[in-house]
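To keep things clear, I will list the structure first and then write my remarks on it.
The values are calculated or read from the model by the stated rules, or taken from the named source; none is laboratory data. Treat the numbers as computed from the prediction; the structure is a model and nothing was measured. Don't worry about glycine lacking a Cβ; one is built from the backbone with ideal geometry, like all the others, and counts go over all protein chains shown. When the accessible area is computed, the model is the full protein with side chains, heavy atoms only, and any ligands, DNA or RNA have been set aside. Shrake-Rupley method; radii C 1.70, N 1.55, O 1.52, S 1.80 Å.
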Amino acid sequence: MRVVLAEDLFLLRDGLVRLLAAYDFEIAAAVETGPELTKALAELAPDVAVVDVRLPPTHTDEGLQCALQARRERPGLPVLVLSQHVEQLYARELLADGTGGVGYLLKDRVFDADQFVDAVRRVAAGGTAMDPEVIAKLLTSNANHEPLAALTDRERQVLELMAEGCSNAALAQRLFISDGAVSKHTASIFAKLNLLNSNDTNRRVLAVLTYLNSSKY
């Protein structure tokens with residue numbers, strides 16, 4: 001699996017290159033600026049991009065904007081964004097096109113190698129990988145917005161864990177409920193979000209995207 005990595009801090013960039021290589025990823029490019037990222041994404045067509053939100057020369061949201069532009073030019077390009085802090089606006093921009101293949105992790109998660117690599121693979125496969133702290137803030141801001149209001153507290157818990165990338169088995173373990181109960185809750189979520197005519201994998205992605213993108217503010 002070919003990866004384009006964008007991170008301006010040398011030590012972190014070098015560490016991520018070594019980590020990904022150790023898990024059999026091919027590093028197509030490891031860059032440190034927005035213009036370099038734009039060029040690499042256009043020319044190398046990676047399987048997934050791992051991008052720091054803030055890159056030179058602006059050190060604002062250049063990494064994110066480069067990734068979003070690349071997704072406009074190549075719809076569905078998998079992008080995992082790394083950020084020092086939770087920025088709800090950045091998360092919403094990433095989720096806005098509703099196509100999946102996106103992730104938003106705080107940089108602290110990088111230090112858990114298995115969690116980070118799992119997130120990269122999940123995003124590359126077209127799924128979502130959202131940091132629990134990002135999810136929590138988005139849930140708070142969406143608390144009174146339809147169709148969110150139609151969900152029960154337990155369904156919100158289930159959908160939050162789905163957004164983190166949990167399988168049904170993992171959901172059951174985390175919530176101390178049976179696999180059957182998980183299936184019942186997910187079916188109810190799909191129904192309330194009007195996601196009835198697709199396979200379960202696609203419906204999970206669409207449910208997460210609909211939920212997290214249900215409010216722009």
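Points to keep in mind about this one:
- Relative contact order (percent, whole number), segment 28-127, Cα cutoff 8 Å, 6+ residue spacing: 25
- Heavy-atom surface of the chain, accessible at 1.4 Å and reported per residue (Å²): 47
- With R₀ set to 22 Å, the beta-carbon distance separating residue 177 from residue 200 gives a calculated FRET efficiency near 0.75.
- Fully extended contour minus Cα-Cα distance, from residue 112 to residue 84, at 0.36 nm per residue: 8.6 nm
- Accessible-area ranking of 131, 14, largest first, probe 1.4 Å: 14, 131
- Largest accessible area first, the listed residues 111, 10 line up as 111, 10 when surface is computed with a 1.4 Å probe on the assembled protein chains.
- Sum of -39500 (n - 2.57) over DSSP H runs of 4+, divided by residues of the chain (222 nm, nearest 500): -16000 deg cm²/dmol
- Cβ-Cβ FRET estimate between residue 99 and residue 45, R0 fixed at 22 Å, reported to 0.05: 0.85
- When the Gaussian network model of the chain links Cα atoms closer than 10 Å, the mean-square fluctuations of 75, 46, 57 top out at 57.
- Over segment 1-51, relative contact order from alpha-carbon pairs under 8 Å, at least 6 apart, %: 55
- Surface share of carbon and sulfur [accessible, 1.4 angstrom probe, percent] for the chain: 52
- Exposure of residue 185 as accessible area (Å², to 10), given a probe of 1.4 Å and all protein chains: 40
- Shape metrics for the chain, restricted to C-alpha atoms - Rg then Dmax, Å: 17.1, 51
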